[in-house]
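Just so you know, all these numbers are worked out from the coordinates, no wet-lab data involved. This is a predicted model, so every value here is computed, not measured. Every residue, glycine among them, receives a Cβ derived from its backbone with ideal geometry; neighbour counts consider all protein chains shown.
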Amino acid sequence: MSKVSTVKGFTAARRQFVVRSALAGGGLALGLYWPAARAAGTSSAARAELRTALGGDFGTQAEGAEVNVWVVVQPDDHCVIRIARSEMGQGTLTGLAQLVAEELQCDWSKVKTEFPTPGQSLARKRAWGEMGTGGSRGIRTSEDYVRRGGAAARIMLCQAAAKRWSVPVGEVSAIKGVVHHSASGRTARYGDLATEAAALPAPDLKSIKLKSPLDWTIAGQPLKRLDTGPKVNGSKVFALDLVLPGMLFAAIKDCPVFGGKLVRYDESMIRARRGVKKVVRVGDSAVAVVADSWWRAKSALADLPIEWDDAAFRDRSSETIARQMQEGLSASSNVFVYRDEGDAAAALARASVRIDADYSTPFLAHATMEPMNCTARVTAERAEAWVPTQNGEGSHAALSEATGLPLDRCEIYKMDPGGGFGRRGGNQDYVRQAALIARQMPGIPIKMIWSREDDMQHDFYRPISQCRLSAGLSASGELLALQVRLAGQSINAFVSPGLVADGKDERQLQGWYEKPGDAQLGYTVPNLRVEYAMRNTHVPVGPWRGVNTNQNAVYMECFMEELARAAKVDSVEFRRRMMGNHPKHRAVLDAVALKAGWGKPLPAGVHRGIAQFMGYGSYSAAVAEVSIGADGLVKVHRLVFAIDCGHAVNPQQIEAQVQGSVAYGLTAAFYGECTIEQGRVVQSNFHDYPILRLAQMPVVETMIVPSLDFWGGVGEPTICVAAPAVLNAIFAATGKPVRSLPLRKLSLA
Amino acid sequence: MIKLTVNGTVRAVDVENDTPLLWVLREQIGLTGTKYGCGIAQCGACSVHVNGEVRRSCSIPVGSIKPADRIVTIEGLSATASHPVQRAWDELDVPQCGYCQSGQIMAAAALLAHKPHPSDQDIDQAMTNICRCGTYQRIRAAVKLAAARRAGVAS
Ligand code: FES
Ligand code: FES
């Protein structure tokens with residue numbers, strides 16, 4: 001705390017107040033304190049120094065005139081745009097700012113952003129709407145209201161100028177942060193108008209006419225991200241990097257077998273170790289060591305004798321789980337018939353060619369680069385947590401639940417996660433744990449960090465599944481009948497078992513939907529039956545970038561390739577024949593085929609594969625070019641994508657997301673597998689859960705073909721076609737379909 | 001007390017000899033730009049330079065470091081993010097979440113120090129750090145851009 005004393009311009013009493021507040025609950029204190037600091041005329045340098053002393057400016061909002069909840073304009077014309085969604089690398093922060101700035105007509109070079117906290121959202125009745133960031137929804141489900149927010153602020157700034165000049169508002173216009181009255185040649189800067197604008201009544205949001213995307217100048221442009229600078233010089237503070245005054249560090253061990261319990265531990269073995277402060281029970285299944293550094297906490301924990309009760313699920317293994325899935329493939333009960341069009345069984349019986357195949361995909365860990373961690377400070381009156389979260393409100397609820405304090409006494413400071421991929425969304429287990437630890441050491445900020453091993457063995461895994469597909473072809477190679485039986489674990493059942501108790505869980509069938517809009521099947525098959533046999537295991541499951549379209553696209557699109565070959569029809573042509581009712585699906589397929597030079601000769605030994613699928617509101621297709629060495633090493637030379645995400649807010653970030661989805665999807669196809677032995681996950685780190693590296697990364701070409709009449713997602717859609725396109729190219733090379741992932745016999749060159 | 005030379009400054013730290021350099025940098029010295037990703041020399045998030053060589057600091061016991069060894073972290077690579085690698089990273093918007101990027105940048109800087117004109121194969125061999133966001137394509141482009149800059153081909 002010594003730094004605080006160096007702050008200039010504060011009276012001793014005020015300094016004391018700050019120090020005490022920092023210890024008692026700095027965020028709130030800061031929120032209350034800044035106006036006073038401003039009133040006292042504190043220099044911004046002094047404030048910055050104070051902020052550092054307190055461990056950051058968490059929860060403080062930017063100074064300036066709040067024109068509306070989305071836009072704060074500062075006297076120097078900087079516009080602070082509030083972002084409710086989380087930024088975990090996917091570029092949503094920049095994209096949302098572009099949408100607001102487009103309507104606001106501010107100067108892009110003067111845009112700053114800030115995240116409202118869940119506590120502020122609560123206090124203002126969710127003025128910023130949904131904060132959760134998953135399902136590739138960050139932009140597509142908030143574009144309308146954020147653009148209206150930006151437009152409303154512009155209208156108010158124009159009104160303020162018109163009022164000042166006593167001219168009709170229709171005579172003024174705004175461009176690049178300046179309001180112009182062309183008749184008189186007068187101009188006024190946003191920074192100068194903001195206070196007057198903020199005092200005006202807000203316009204009716206619904207009647208605002210938004211700009212046509214064809215007229216966009218900020219949105220739709222391949223602008224650079226707003227958050228790159230601190231990521232190239234080490235100054236970005238991730239939650240893992242947070243330092244607060246008086247902070248202690250916790251390492252945690254949860255029962256390795258899911259569903260097991262902590263029986264006892266013997267802390268006498270480590271109590272006297274240097275730096276160890278406390279050993280605490282965390283819920284009914286974990287124990288944590290708190291020390292003066294994380295390394296000391298972790299080392300001590302490794303030597304702590306712990307006894308578990310893991311009898312309930314110790315008999316579970318990958319084999320028992322596979323048998324469960326296989327039973328689901330042929331079961332006649334506990335099966336949900338989702339689509340039943342025509343008569344698939346009868347059509348199969350009379351087809352001239354029948355093809356059957358069983359496919360399977362494993363459990364997968366997310367393995368975000370930044371392991372799970374959370375810092376919490378809990379007193380009898382207040383709880384705060386610094387969380388790398390995809391779902392601030394979910395974190396808020398978890399903190400409240402774990403501390404027993406009502407939401408309005410809890411606050412969450414969202415830290416940009418070092419990767420999310422679905423792991424840091426609805427399941428806020430790590431927040432709960434940190435809160436339970438911090439509760440036992442009131443007032444002390446506790447930073448709990450999971451080791452990579454903890455992270456890999458206590459994930460919410462991509463659900464395991466198997467799929468049995470049966471198809472009947474006519475003599476001329478038309479697909480007459482298709483039967484799909486998916487057997488697998490349900491995410492919804494894990495999250496809220498009551499919701500899908502009857503096994504009617506459409507979510508696991510993403511990609512086979514009949515209805516348009518989200519994950520519609522792109523083919524019309526006269527006799528179609530799609531069934532789901534929900535088979536749950538003791539392994540926790542959750543969303544995983546592109547779930548469930550990425551498993552289902554492997555099943556569907558690899559099987560389509562089998563059918564095209566059986567029908568002796570070109571892969572693109574075979575698909576196109578069934579896509580007459582699905583012009584958007586077909587358009588991306590056509591686009592990618594054209595761009596990739598489908599049908600054109602390839603160098604000797606290079607083979608192509610194609611796939612199309614829909615997920616997360618967008619249409620994707622991919623073509624892969626692959627060769628296989630004599631050593632079984634697969635080289636993916638090139639991957640070409642077409643994506644129709646409706647609107648392209650930042651094309652260069654869409655390109656980055658497509659590239660990222662390739663790395664994620666091919667990692668899964670070639671390496672990804674979490675196996676279960678004695679009830680626990682076997683894999684523990686990157687040595688046995690390998691990740692694709694730079695040398696294996698194919699050249700990715702991205703074509704964005706936005707049709708401008710809907711809003712689709714970007715972060716996840718293309719992952720589902722990356723793997724099947726490559727697998728189909730491998731099929732072309734080897735003559736053998738790939739039906740089970742990961743590819744064990746082949747590895748990436 | 002263990003003496004370390006980090007980013008040109010001599011630091012004395014009071015830690016157990018077997019503490020990994022990574023955690024000393026992060027917890028005792030307060031340089032958090034160097035990240036923890038795996039702790040077993042697999043991911044490279046913890047990459048720093050030791051006497052000009054890129055090393056994975058999670059797997060170096062601090063006791064094995066001599067006071068004269070020159071340790072450089074991302075914070076010490078340049079004062080104003082002006083290293084050609086950092087500039088190229090910024091210009092091409094390489095980072096997504098950014099968590100792995102300190103390590104990637106340190107690996108790239110070491111590569112260029114040794115091989116000012118790396119071939120694709122050199123880049124493949126030197127850039128083995130994991131990026132879970134999948135920024136590899138831009139990393140490759142940025143390494144090439146930085147190399148060109150250093151050579152004065154582009155500016
Ligand atoms: S943390 Fe050192 S290599 Fe992964
Ligand atoms: S940028 Fe996120 S892990 Fe590399």
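Straight-line reach only, C-alpha to C-alpha below 29 angstrom: list the lysines that A:LYS504 could link to, leaving out same-chain residues fewer than 8 apart. Excluding near neighbours in sequence, the set is A:LYS515, A:LYS584. Computed from the Cβ-Cβ distance with R0 of 45 Å, the FRET efficiency linking B:ASN17 to A:LYS635 stands at 0.50. Taking other C-beta atoms within 10 Å as the exposure proxy, A:MET247, A:MET448 rank A:MET247, A:MET448 from fewest upward. In this simple spin-label approximation, B:LYS3 and A:ASP309 carry label points 7 Å from Cα along the Cα→Cβ vector, and these lie 5.7 nm apart. Could you work out how far the C-alpha centroid of region A:57-80 sits from that of region A:257-300, in angstrom? Result: 44 Å between the Cα centres. The distance linking region A:334-404 with region B:74-150 is 34 Å (Cα centroid to Cα centroid, whole angstrom).
Note on A:GLU573 and A:ASP356: the model spin-label points, each 7 Å out from Cα along the C-beta direction, lie 3.0 nm apart. Going by neighbour counts of Cβ atoms within 10 Å, the residues A:ARG85, A:ARG354 line up, fewest first, as A:ARG354, A:ARG85. DSSP beta bridges confined to the protein assembly as shown are antiparallel in about 75 percent of cases. By the beta carbon rule, with partners counted only under 4.7 Å, chain A holds these lone Cys residues: A:CYS158, A:CYS255, A:CYS374, A:CYS410, A:CYS467, A:CYS558, A:CYS645, A:CYS674, A:CYS720. Mind checking region A:717-749 for trypsin sites (Lys or Arg not before Pro) that DSSP puts in a loop (not H, G, I, E or B) and that have at most 16 other Cβ atoms within 10 Å? When the trypsin sites (Lys or Arg not before Pro) of region A:717-749 are filtered for loop state and at most 16 Cβ neighbours within 10 Å, A:ARG744, A:LYS745 remain. Normalising the average separation of contacting C-alpha pairs (under 8 angstrom, six or more residues apart) by the number of residues puts the relative contact order of chain B at 24 percent.
Based on DSSP H segments of at least four residues, each scored -39500 (n - 2.57), the protein assembly as shown has a per-residue ellipticity at 222 nm of -9500 deg cm²/dmol. Note on A:ARG273 and A:GLU478: their simple-model spin labels are 7.1 nm apart, each label 7 Å out from Cα toward Cβ.
Neighbour counts of C-beta atoms inside 10 Å place A:LEU528, A:LEU122 in the sequence A:LEU122, A:LEU528, starting with the fewest. Net charge of the neighbourhood of A:VAL484, taken over other residues with C-beta under 9 Å away and scored Lys/Arg +1, Asp/Glu -1, is +3.
As an equivalent ellipsoid, region A:260-381 spans semi-axes of 52, 18, 15 angstrom, where each value is the square root of five times an eigenvalue of the C-alpha gyration tensor, largest first. Positive contributions from Lys and Arg (+1) and negative ones from Asp and Glu (-1), summed over other residues with Cβ under 14 Å from the Cβ of B:VAL48, come out at +3. Charge tally for B:LYS3 (other residues, Cβ to Cβ under 9 Å; Lys, Arg +1; Asp, Glu -1): +2. Relative to one another, the C-alpha centroids of region A:85-151 and region A:621-685 are positioned 29 Å apart.
Residue pairs exceeding 20 angstrom between C-alpha atoms, taken from A:LYS125/A:LYS236; A:LYS236/A:LYS447; A:LYS635/A:LYS736; A:LYS568/A:LYS600: A:LYS125/A:LYS236. Only beta bridges with both residues in region A:421-557 are counted; by DSSP, about 45 percent of them are antiparallel. Using C-alpha pairs under 8 Å with a sequence gap of at least 6, the mean separation divided by the residue count of region B:2-77 gives a relative contact order of 41 percent. Where a ≥ b ≥ c are the square roots of the eigenvalues of the C-alpha gyration tensor, would you call chain B rounded, which needs a/c under 1.5, or, failing that, prolate if a/b is larger than b/c, or oblate? Here chain B falls in the prolate category.
With kT/(6 pi eta Rh) evaluated at 37 °C and eta = 0.692 mPa s, and Rh the Kirkwood radius from Cα pairs, chain A diffuses with a coefficient of 117 µm²/s according to Stokes-Einstein.
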